[in-house]
Structure formats: structure tokens, C-alpha cells
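J.: Before anything else, here's the structure in question.
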Protein chains: 2
Amino acid sequence: MTDLILSLDTDDTIPLYRQIYAQIREMILSDALPAGTALPSSRDLAGKYHVARVTVTTAYEQLQAEGFVTAHVGAGTRVADALAALHEPEPFRPTFSKWGEGVAASGQAVVEAVVTKPEIDFGFGRSFPHIFPYDIWRRLLARYLSTDDTMLSRYGSVAGFHPLRAAVANYLRRLRGVNCTAEQVVIVSGIQQALDILARLLLEPGDEVLVETPGYPDALKLFQLHQAVLTALPVDEEGFPVEKIPENSQARFAFVTPSNQFPKGGTMPLERRLALLQWAQEHEALVLEDDYDGELRYSEHPLAALQGLDEDGRVVYLGTFSKVLFPALRLGYLVLPPVLLAPFLQAKQLVDRGAPTLTQAAVADFITEGHFERHLRRLRQAYGRRRQVLVQALQEHLGDKIQYSNAEAGLHVMVYLNDAIDEAAVVRKAAEAGVGVYPGESYHVHKAPRPSILLGFSGLNEKEIREGIQRLAVVLENIDFRQ
Amino acid sequence: MTDLILSLDTDDTIPLYRQIYAQIREMILSDALPAGTALPSSRDLAGKYHVARVTVTTAYEQLQAEGFVTAHVGAGTRVADALAALHEPEPFRPTFSKWGEGVAASGQAVVEAVVTKPEIDFGFGRSFPHIFPYDIWRRLLARYLSTDDTMLSRYGSVAGFHPLRAAVANYLRRLRGVNCTAEQVVIVSGIQQALDILARLLLEPGDEVLVETPGYPDALKLFQLHQAVLTALPVDEEGFPVEKIPENSQARFAFVTPSNQFPKGGTMPLERRLALLQWAQEHEALVLEDDYDGELRYSEHPLAALQGLDEDGRVVYLGTFSKVLFPALRLGYLVLPPVLLAPFLQAKQLVDRGAPTLTQAAVADFITEGHFERHLRRLRQAYGRRRQVLVQALQEHLGDKIQYSNAEAGLHVMVYLNDAIDEAAVVRKAAEAGVGVYPGESYHVHKAPRPSILLGFSGLNEKEIREGIQRLAVVLENIDFRQ
């Protein structure tokens, strides 16, 4: 009979029987206790370590239940024979699918907590925490938390919580000019999820897709991973240049940002919108309208969505709450032409069962009780003012050295720099000066015509914006001098 | 100058200027106002409908901003020419990708709110609402809601909220015998999302996958949609029959439920677990371990996970909170071998940015503060008792007519019926008697060897379970007589 050296800790939160079990198991797996070895009797082991005998028998029973040991009357407890099959560990490297290799090759960095956060961060996609009415939000969540509502205990509908779909449809009809019923609205975890499912439903390898450049990199990468051939048209001040779509284009769809071109800025005028719909009709194609920040216009009224012009169900409208509520909410929505509705839901059901019901219910009330529109008004004021401050600072400190869109919209400004400037150097030097600015190159499909940087302002207050641009100006001046 | 017939409602929540804008816009789009038509002056229209002139000018400005009308000094406001491009609507039907066609052809029904809910519903995947400690859950959520935590306003980490990953890793190490660090844990919206991303990373069309039959239909469909060739091995009382894997199998991975075979019941003994790992090593394959309800064993201690036996990183462990907390939470997790971690996160980032931070933070505290283990103990007691009641009722009323697994685990019992019985008829007749039972056929890859029905008991109390089985017995008796 083998003696066992255990190391038991009565102060540990792990019960003693689990400690005994785990240590013997490890000895068996590491071959320290070979097959056939007799374990000490439970009485002996309990006596040796001053634990109750039942503690040892419980550990042995667990080992037996899992097949590590066998117990026979008269033969005591022995290490099972099956373990002879154990082998030397061998580091394993799977082969990946083309899609998997594409993901790795796309250089897609994993977004993790920023290790060294710049003092003044012109990052994009951050919302300004103090604008959001957390008191109201808390009250709405508490409303659902205070009922033992069985709704919380069931799987939600794959299309989303119906009252939220109705609230979104109503909002989009009234304020975005979208032509839809609640049934056409599907709640998703974000625009990215919606695009992924649409791409899977629609694209075969080699299929053509029309996109804007500069554009939204994660969408472009996603289409490329589906082995789509991207036809990227350089945008101008009025967004996607429909008239430049190649005659022989066979694109399955065009992915566009008509309200406020991302990231350059600019709005598609009616002529282009109609021309795009006509192109889609003539080419049996769809239009994917990404209205990621259509609510955030600071000068005129927000422009109605392109979807509202569509009369034969060719436009898929995509929106998100990440920009106007807060990103961690993880809620977006899309409006599907009726013909795409069932396929989309069937697909979505296979890959993701839906967003948490609780937050969906709270957002639904947030909209229907008028908080959403009040919040949007406050946002427009606060972000509009920040944009003004940013633009004033840019003019004051960098006036003749830069260009940017005049579109008074969105949460960032794309700043085009003097031709001779090294974009990466600006980003690096700015970081050294405690200012986070982001290279424009990653937004361009082809080589960018001019160097550019992206300045998000939604996470900064006015003082930080001014200070950041001052520092950026110093950086640019020094870089200019060297060249 | 055209006269306009508008229908304005001062009681409507839609502002008057939006009503004017929307109605004129609709007339333009429907060609009721052709290109070049002069609109009435704002003064005339305001007078006619007794509204302020600024109401009309605001509507006209919006129409002009969107390009529907043009305004020139001396020429008044006219419908823009661009609209000549408008066309007759033409119903549109896109062509779908192979994947998209596969989704439609899979007959995947969309889960919507059940229209006619049976009085006693033996549905699977429902949790019993009154067991979950909503008071504690509320308190934990409120903790995060009462701070204006900027965490809520940022995009979360794609791998999940780190404290939750650490809490899950710690729990899995201690109570499921999983060998992992917090970094290997990735939070997902559910097992389905995890499987989808893994399948995309690993499978090319035509690749072979080993699965159990009966098995989890949504996983099997998902693999099929990736054009995988399924080798489905009929399970026995001890789960997946490793020794029956065909000699020439080239499977990329085996998808198995070792703790409690779904849906038949039964646990893979150590010999088979080791043999499966050895097979994987010899065939450069992975093992996907679906531990969907590994916590829910009612007789012995829960068995340790297969993953804990893996020494060279071939096992992906999948778990979910849907069964043990509540489904509407939409949180699952997987433990990845280090070599798969970066590719998985890169892929996940492209298709879904992550779960809401708030619920992740609350679940993390729920685990680390000991509520989770207390809740599991209560669940085991409550569900174990329900399972007993169900099994007793089955024996009492249907004893010799049925067979089922003795595995005292899980949230359902798969009941095999007499050969001659028509499964669909049982389901239909039971529904007529107010009892929801579910056909076993949909869980089988090949034709099922015997008719069977699935009885979930997690949404019912003991009285309902007894009553339901009594009614089911009457149904079966009458069906027997007819044959």
C-alpha cells in the first residue's frame, strides 16, 4: 500500500474532501500513482491527516465516480487500469479555415483595456458619461427588477423584445423618415453583428461589394473575410459618388453612410440617393444604409434616411444605441425589407439568441416615455458645442495646415494634413505629448490621397479639447520644421 | 401654383411642421407633385391652415435640405428636378448565398412568443423563476447603477469583463475540475455564439465533424450550414461511443456532452474520456466539450470536466449561465486552449463586440461573493426533487410502456416510447389535453431507433408535473388502443 503525501489547508475555502480528491487525481494523471496502485484505506489516511473519515471516503467516492479508482470488497481502493492510455502531452496547433486564416492575417488587433491611456484622448466611439441621465436609467431598470417578472427567466425573442421593436419603429418613422413597421425592426448587439449576418446571407466568395473609402474599417474587413471583392469609391464632399460606379459592376450591395459619411463627413444629396436606388434596381442589388450617427446633426434638422425613399424593399437600414446612449449597452437595430426578414431571423437564431431582455425593456421605456428625445436634444447641444470648440481650436492653431469637412455632425472630425507630413509620426509624437490621435490610414481601402488623423471629441470636455489641439499644433510645427 | 390638400392634426405628438413636411414629401415621392411644380408660398399655406408661417417655412427648409424642393429668389419653392429619376416600385427578391439558402432550407423555425401556451408545458430550457434570488441580483445591479461609472460608457473588452472571467475561471477550477487561467476564459452571448465562431475558424466545406445522436439540434444545424459532413454516432448509456469512431475518420473535431449526454442522459466514463483525448491526439483533432448543465447533478457530486484531463490543449470547454441563472441573461463562456485564444478573439471582435458590462459585473460579484454556489445548491435541491417527482409519476402511470436514462441530472428527461407509437400523434394529443411535450425526432441525426418525447421539468412545480404525467398517460393509453 502506497503512502500518500498530501498538503491540506483547513483555512482554504475549498473543502478538505475536494483538496484530497484533487491532489490524488493530479498524482494519478501525472503517473505518480500508476495504474493498479492501492490507495491507503480511508481510516489510515483520515488518521494520518487528522480529518474525519467521511472526508476521505467522500474524496474516494468522487474519484471512483469519475473512474480514477476502483473499489472492490477485499481489494481496497486501487488506481484504475484505464489510465494506461495516458500519453505524453504534445503541444497542439490546429489548422484553421480560410476564414480563420483571414481573420489572423487581417491584422485585426484585439481591443483590450488600453494599457497606457493618453492624458487627452481623441479616441472615437466614446460617449461622454455625464450627459447620460443615469438617474432615469436606473429608475427604469429598477422598475423591471422590482417585479419577479417571468420575462426575465425565459429566452427572449430572437428578433428582440417586441415593445422595443415598436418603440424603435415609431422613433425611426417620426424622426428619421424611415418607412417601417415594428415587425421589420430586429434588435441586434450592434451594427457589426447585423453586417456579419447580412454578409453571410448574401455573399459568396468572389462576390463584389461597393464600399466607400475612407470607410468603416471593421465593416470592410468583415466583407473581405467573406472573400468579397471590394470596389471602393473615393468619397467627395457629398459622400458616395454614385455616378462613378463602374458600368460593369456586379456588386451584390453597396454599403454607404448617407447621413454623415464615415469618417470623412458629408451628406449624400437627394440626387445621389435616388441615383443609388436606381442603380440598385437596375442591378438587382441591395443598399446597406449605415445610419450610425444620423441623429447627431448640429446645424440643420437631421436629414431623413435614404431608406424612406426606397419603394421596392432594397434598403437595409442599420442603427445603433452605442453612440447616443452608451456603448456598453450593446444594442443596435436594423430595419429589414420584408423579403429579408425571415432569412435574417433564421440565421440570427443559429448564431445568437438575442440581447438581454432587461436592458431591452428599459430602453423601450426610455424611448416611449420621451427620455430618448430629450436626451438627444441635450446630446446635440453638448456635442455640437464640443465640435465648435474643436473646430475653433483647429482654425486658431492649425488654420492653413489642415482641411476637414464642414459637416456639422457626428462625434469626430477627420483632419487632412499637409502632403509632406508622416501620419504615423504625428500619432507617435502626439502620444508622447499626452494626446491620443488616430491615424487616418486605417480607414482607407486604397492608399490615402493625403495623410490624415481622426479626432473624436465625445469623450472630452471643452477645456481638454482646446488643450489637446494646442499640444497637437506644437507637435505638427516641430514635425514640419524637420522636413 | 398648385394648391395643396393637407391633413393636419394639432393633437398629434408629431409637430405640425413635420406633418406638413411628411405629407408634401409623400406627394412628391408618389408623383402627385411632379418635378418643377411650384409650391404655395409659405404665407398662403400658413393662412389656409391657420398655422404660424414659421411652421411652414421650417417644413419647406427641411424639404429643401433634403433636396426635395429648390428655392430661388423670385421663383418661389419648386419640386426639384432630380426626382425625375423616380421609378415604379418593383418587388425585389435577392439571391442568397449557399449559407443563406442553407439556413432557409434547414427549416429553422424562428422562435417567437408562443401563441398558445399549453397549460402544463414540459418545455426545455426554462428556468423556474421563483428559485432565483432576485433580491440579491437587484442589489448587485443597483451597486453598479448607483455609481456614474465610466465603465458603463465605454465599449467593453471583446473577451469579456475581466473580473467575470477571473470569477468564472476560479469557479471552473474549483468545482468543475477545469484547468485554466482567467485569460483562457471568454465571455460570449451563449454556447451557440461560441460554436458558430469556432466552426467558422475551423471548418472548410466538406470537413468532417463527429457528433452525438441524439444531440443538440441547433449545434448540428450550425455545423451543417458550414457544409460540414456530420459523422453522427448513436450514444449509449455512457454517452459518446469513442470506440465506434470510424478508423478512417478525418474529423476536425468531436462535439460531445460528457457530463450529461444531451438529450438522452448518461455520463462518459473515464475510459472513454481518455480514449477520446487519445483519438484527438492521433488525429490532430479538437474536442468541443459542451458542459451545458454540468452543475446540475442530483445524486453524486458533479463530475469533473473532460477538459481537466487534457494536457496538450485539444479541448474547448463550453458553459452557460442560461440554465443555472436565467436564460434572458444571455451569458455563456468558453475556455480556450491558448493556441486558439487570439484567433477566437480576433474573430469575435469582427462579429460581436461583447456582452453588456453591467450584467457581467453583477454576475462576477454574484459568483465571487458566494451567491452562485449557494444558488447552485438550492437549484440542485429544487430540480432534483422535481426530477424525482417526474420519474415517480412516470413509473406510476407509464411504468412498463417507456424507458429513460437513470442519470440523475439535468433539466429534462428523454422518454423512449413503445415502438409502435406515433410520436407526432402523442405530441398533438397531449397538446389537446393541455400538456406540452416535445418530439424526440428533431434531436436525432438519423432516423431515431424508437419514438421518444422530451420532458423538461424546470418550468413546472411538483403538482403540475404530476398532473401533466397523469394526462400524458391517458393520452398514451388511448393512442395504444387505436393501434
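The values are calculated or read from the model by the stated rules, or taken from the named source; none is laboratory data. Note that this is a predicted model, so its numbers are computed, not measured. Ideal geometry is used to build each Cβ from the backbone, glycine not excepted, and the neighbour counts take in all protein chains shown. For the accessible areas, the whole protein counts, side chains as well, though only heavy atoms, and no ligand, DNA or RNA atoms are used. Shrake-Rupley method; radii C 1.70, N 1.55, O 1.52, S 1.80 Å.
J.: For label points placed 7 Å from Cα toward Cβ, what is the shortest-first list of nm distances from B:Asp312 to its copies?
T.: Result for B:Asp312, in nm, nearest copy first: 5.9.
J.: In Å², rounded to the nearest 100, what is the total accessible surface buried by chains A and B against each other with a 1.4 Å probe?
T.: Chain pair A/B: roughly 11200 Å² of buried accessible area.
J.: Using the Kirkwood radius built from alpha carbon pairs, what does the Stokes-Einstein equation give as D for the stretch B:232-305 at 37 °C and 0.692 mPa s, in µm² per second?
T.: 258
J.: In addition: Run through the stretch A:282-330 and list the GluC sites (Glu not before Pro) located in a DSSP loop whose Cβ has at most 15 other Cβ atoms within 10 Å.
T.: Counting only loop positions with at most 15 other Cβ atoms within 10 Å, the GluC sites (Glu not before Pro) in the stretch A:282-330 are A:Glu284, A:Glu300.
J.: Using the Karplus curve 6.51 cos²θ - 1.76 cosθ + 1.60 with θ = phi - 60°, what ³J(HN,Hα) values do you get for each residue of the stretch B:184-195, in whole Hz, with x for Gly and Pro?
T.: Running phi through 6.51 cos²θ - 1.76 cosθ + 1.60 with θ = phi - 60° gives 7, 8, 10, 8, 10, 7, x, 4, 4, 4, 4, 5 Hz.
J.: Counting only other chains, what is the mean number of Cβ atoms within 10 angstrom of the Cβ of each residue in peptide A:9-20?
T.: Details: counts 0, 0, 0, 1, 4, 3, 1, 0, 1, 4, 0, 0.
What the average comes to for A:9-20 is 1.
J.: Related question: Would you tell me the mean number of C-beta atoms belonging to other protein chains that fall within 10 Å of each C-beta in A:338-350, as a whole number?
T.: Taking all residues of A:338-350 together, the mean is 6.
J.: Measuring from the lowest to the highest alpha carbon on each principal axis, how far does the protein assembly as shown reach, largest first, in angstroms?
T.: 111, 79, 53
J.: Further question on the same structure: At 37 °C and 0.692 mPa s, grab the translational diffusion coefficient of the stretch A:337-389 from Stokes-Einstein with a Kirkwood Rh over Cα pairs, rounded to a whole number in µm² per second. Walk me through the numbers on the way to the answer.
T.: Details: Rh = 14.2 Å.
The Stokes-Einstein estimate is 232 µm²/s.
J.: To the nearest 20 debye, what is the magnitude of the charge dipole of the stretch A:259-409 about its Cα centre, counting +1 on the Cβ of each Lys and Arg and -1 on the Cβ of each Asp and Glu?
T.: On the way: 17 positive and 19 negative charges, 141 e Å.
Here the stretch A:259-409 has a charge dipole of around 680 debye.
J.: Set the bar at 31 Å for Cα to Cα. Now go through A:Lys348/A:Lys447; B:Lys401/B:Lys447; A:Lys98/B:Lys447; A:Lys117/A:Lys221; A:Lys244/B:Lys348; B:Lys244/B:Lys348 and name every pair that lies beyond it.
T.: With Cα atoms farther than 31 Å apart: A:Lys348/A:Lys447; A:Lys98/B:Lys447; A:Lys244/B:Lys348; B:Lys244/B:Lys348.
J.: Another question, then. If the only charges are +1 at each Lys and Arg Cβ and -1 at each Asp and Glu Cβ, what is the size of the charge dipole of the stretch B:164-235 around the Cα centre, to the nearest 20 debye?
T.: For this selection, approximately 460 debye.
J.: Once the principal axes of the Cα atoms of the stretch B:224-383 are found, what is the range along each, listed largest first in whole angstroms?
T.: 48, 43, 30
J.: Give, rounded to the nearest 20 debye, the magnitude of the charge dipole that the stretch A:345-475 has about its Cα centre when Lys and Arg contribute +1 at Cβ and Asp and Glu contribute -1 at Cβ.
T.: 180
J.: Ok, one more. Can you pull the three principal axis extents for the Cα set of the stretch A:298-362, in Å, largest first?
T.: Projected onto its principal axes, the Cα set of the stretch A:298-362 covers 39, 32, 16 Å.
J.: Pairwise over distinct Cα atoms, reciprocal of the mean inverse distance: report the Kirkwood radius of the stretch B:354-483 in Å, one decimal place. Spell out each step's value before the answer.
T.: Working: mean 1/r = 0.0606 Å⁻¹.
Hydrodynamic radius (Kirkwood, Cα only) of the stretch B:354-483 equals 16.5 Å.
J.: Please work out the Cα center distance from the stretch A:310-372 to the stretch A:163-240, rounded to the nearest Å.
T.: One Cα centre to the other: 12 Å.
J.: Moving on. Have a look at A:Gln470, A:Thr13, A:Ala142 and report the one farthest towards the positive end of the charge dipole of the protein assembly as shown, computed about the Cα centre with Cβ charges (Lys/Arg +1, Asp/Glu -1).
T.: So the residue furthest toward the plus end is A:Ala142.
J.: Taking +1 at the Cβ of each Lys and Arg and -1 at the Cβ of each Asp and Glu, which of A:Leu277, B:Tyr298, A:Ala232 sits farthest along the dipole of the protein assembly as shown towards its positive end, judged by Cα position relative to the Cα centre?
T.: Comparing the listed Cα positions along the dipole, B:Tyr298 ranks first.
J.: Provide the packing ranking of B:3-13, B:318-328, i.e. peptides ordered by the mean count of other C-beta atoms within 10 Å per residue, highest first.
T.: Those peptides, ordered most packed to least, come out B:318-328, B:3-13.
J.: Could you work out the mean count of beta carbons from other protein chains within 10 Å of each residue's beta carbon in A:203-210?
T.: Average neighbour count from other chains, rounded to a whole number: 2.
J.: Would you mind giving the three semi-axes, in whole Å and largest first, of the ellipsoid equivalent to chain B according to its Cα gyration tensor?
T.: Whole-Å semi-axes of the equivalent ellipsoid: 54, 29, 26.
J.: Counting only other residues whose beta carbon sits under 14 Å from that of A:Asn170, what net charge do I get with K and R as +1, D and E as -1?
T.: Working: positive: A:Arg165, A:Arg173, A:Arg174, A:Arg176, B:Arg18; negative: A:Glu183, A:Asp365, A:Glu369, A:Glu373, B:Asp12.
That sum, taken over residues with Cβ under 14 Å, equals 0.
J.: DSSP loop trypsin sites (Lys or Arg not before Pro) in the stretch B:405-460 with at most 10 other Cβ atoms within 10 Å of their Cβ, which ones?
T.: Working: sites: B:Arg428, B:Lys429, B:Lys447; in loops: B:Lys447.
Qualifying residues, ordered by number: B:Lys447.
J.: For label points placed 7 Å from Cα toward Cβ, what is the shortest-first list of nm distances from A:Gly206 to its copies?
T.: 1.5
J.: Follow-up. Which residues' amide hydrogens lie under 5 Å from the amide hydrogen of A:Ala35, considering only partners 5 or more residues apart or on another chain, with H built in the peptide plane?
T.: Residues meeting the criterion, in which the H sits 1.01 Å from N, do not exist here.
J.: Along Cα→Cβ at 7 Å, what distances in nm separate the B:Ala32 label point from those on the other copies, shortest first?
T.: Inter-copy label distances (nm, one decimal, shortest first): 8.5.
J.: Give me the residues in the stretch A:156-200 whose solvent-accessible area, probe 1.4 Å, is reduced by at least 40 Å² once all protein chains are included instead of the chain isolated.
T.: Residues meeting the cut-off: A:Arg174, A:Gln192, A:Arg200.
J.: If you don't mind, another one. For the stretch B:156-257, go through all pairs of different Cα atoms, get the mean of 1/r, take its inverse, and jot down that Kirkwood value in Å.
T.: Details: mean 1/r = 0.0651 Å⁻¹.
Its Kirkwood hydrodynamic radius stands at 15.4 Å.
J.: While we're looking at this one, here's another question. For Cα pairs less than 8 Å apart in space and 6+ apart in sequence, what is the mean separation divided by the residue count of chain B, i.e. the relative contact order in percent?
T.: 18
J.: For the stretch A:200-294, what is the relative contact order in percent, using Cα pairs closer than 8 Å and at least 6 residues apart in sequence?
T.: The normalised contact order for the stretch A:200-294 reaches 29 percent.
J.: Could you please report the charge total around A:His50, scoring K, R as +1 and D, E as -1 over all other residues with beta-carbon less than 14 angstrom from its beta-carbon?
T.: Counting the neighbours of A:His50, the net charge comes to +1.
J.: Now for a different question. In chain B, if the dipole is taken from +1 on Lys/Arg beta carbons and -1 on Asp/Glu beta carbons about the Cα centre, which of B:Ala75, B:Ala448, B:Ser458 is farthest to the positive end?
T.: B:Ser458
J.: Separate question: Within straight cross-link reach of A:Lys323, meaning Cα distance under 12 Å, which aspartates and glutamates are found once same-chain residues fewer than 8 apart are removed?
T.: A:Asp291, A:Asp293, A:Glu295
J.: Classify the stretch B:415-483 as rounded, prolate or oblate from the Cα gyration tensor: take a ≥ b ≥ c as the square roots of its eigenvalues, call it rounded if a/c is under 1.5, otherwise prolate when a/b beats b/c and oblate if not.
T.: Numbers: a/c = 2.25, a/b = 1.27, b/c = 1.77.
It is oblate, given that a/c is not under 1.5 and a/b is not larger than b/c.
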